[in-house]
Amino acid sequence: MPRSVGLDALAILGGRSGAVLEDPLSAALYWFIPPGNATEWDVAGTRVLDEDTHLVIPPDRCTQGPGPHWRVCPAADAWTTEAAALQAALEDAASPGVGR
């Protein structure tokens, strides 16, 4: 999703967020959701990557660019974010006036 909306969604999610990958070159944030949870995903301005998509995954504690880095580092038990919570946070973040 676009970085601007993603940062607002991350603030809304707080501690409920799993790992978040930031790619400054594409100005995008990437969340990981459990497999099979995106079959009915329909959030404007976002897209679900399919299993054939290539993402550069940085080392676990790489938190600065210039390339892809972790906005939220992965933890052994917290890679994914609940899809419904992420969807709600993104919808709230995209609402007029949020975070602006």
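The values are calculated or read from the model by the stated rules, or taken from the named source; none is laboratory data. Because the structure is predicted, anything quoted here is derived from the model rather than measured. Every residue, glycine as well, gets a Cβ built from its backbone with ideal geometry; the counts of neighbours run over all protein chains shown. Side chains are part of the model used for accessible areas, which takes the heavy atoms of the whole protein and leaves out ligands, DNA and RNA. Shrake-Rupley method; radii C 1.70, N 1.55, O 1.52, S 1.80 Å.
Work out the length of the dipole vector of region 13-100 about its Cα centre, built from +1 on the beta-carbon of each Lys and Arg and -1 on the beta-carbon of each Asp and Glu, and round it to the nearest 20 debye. Dipole about the Cα centre, nearest 20: 400 debye. The heavy atoms of Asp42 present about 120 square angstrom of accessible area, all protein chains included, probe 1.4 Å. Subtracting the Cα-Cα distance of Arg3 and Asp92 from their residue separation scaled by 0.36 nm leaves 30.6 nm.
The fraction of accessible area contributed by carbon and sulfur in the chain is 52 percent, rounded to a whole number (1.4 Å probe; ligands and nucleic acids excluded). Helix content alone sets the calculated 222 nm mean residue ellipticity of the chain: runs of n ≥ 4 DSSP H residues at -39500 (n - 2.57) each, divided across all residues, give -7000 deg cm²/dmol.
With a 1.4 Å probe rolled over the protein heavy atoms of all chains, the accessible area of Ser17, Ser26 falls in the order Ser26, Ser17, largest first. Computed over the chain with a Gaussian network model linking Cα atoms closer than 10 Å, the most mobile of Val20, Val43, Val72 is Val43.
Averaged per residue, the chain has 61 square angstrom of accessible surface, using a 1.4 angstrom probe with ligands and nucleic acids left out. Shape of the chain from the C-alpha gyration tensor: rounded (a/c under 1.5, with a ≥ b ≥ c the square roots of its eigenvalues).
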